[in-house]
1. Which of the residues spanning the range 99-109 are part of a strand (DSSP E or B) and closer than 18 Å to residue 43 by Cβ?
2. For residues in the range 134-183 being part of a helix (DSSP H, G or I) and free of Cβ contacts under 8 Å to residues at least 12 places away in the same chain, which is nearest to the chain's Cα centre (by Cα)?
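The values are calculated or read from the model by the stated rules, or taken from the named source; none is laboratory data. What you see is a predicted model; the values in this text were computed from it and never measured. Here the Cβ is made from the backbone with ideal geometry for all residues, glycine too, and neighbour counts use every protein chain on show.
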């Protein structure tokens, strides 16, 4: 069994209307997801960070370590989501639940076998519903998350860059990066 369970953190800030990109907060307008497989959890995220309409960073790492076996995928204001991850890290040291996915939104924490979030998620709900299977093998889950994030990144202008993956098992985390030119291609019209 794992000593910790992964956490998926999302933080959505209300829109205040058009903003000057020079004073806009850094945002991880993004595509993130996590899914359980037989033996662990795979987490993934795109790598684009924006400040308003400006792409501030093309290779951001949105997979944030909370403890050795707990990671979160961050979307929303980068400062806010990092603060939440830090608070969670500070207060965690008491669970032993095996590989699990939680979606944390404002005031609720929901256990789910798969979770997607960020601005790119609205483009892939149908794909996730049609293709997620409980009890997937590790590489099947890696391919599922890579394909889902590739689809989201192709449709969402705020998502992009590379796909960063974390494969969390009782042995720890294995990190992978799928470069943009290595991502699966789907119909692009």
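1. Across the range 99-109, the qualifying residues are 101, 102, 103, 104, 105, 109.
2. 143
Condition check ((1) within 19 Å of residue 142 (Cβ to Cβ); (2) at pLDDT below 90; (3) surrounded by fewer than 18 Cβ atoms within 10 Å (Cβ to Cβ)) across all residues:
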site	(1), (2), (3)
35	yes, no, no
42	yes, no, no
53	no, yes, yes
63	yes, no, no
72	yes, yes, no
80	no, yes, yes
84	no, yes, no
91	no, yes, yes
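Residues checked against (1) farther than 19 Å from residue 31 by Cβ; (2) assigned to a helix (DSSP H, G or I); (3) in contact (Cβ under 8 Å) with a residue 60 or more places away in the chain:
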| site | (1), (2), (3) |
| --- | --- |
| 81 | no, yes, yes |
| 97 | yes, no, yes |
| 111 | yes, no, no |
| 115 | no, no, yes |
| 122 | no, yes, no |
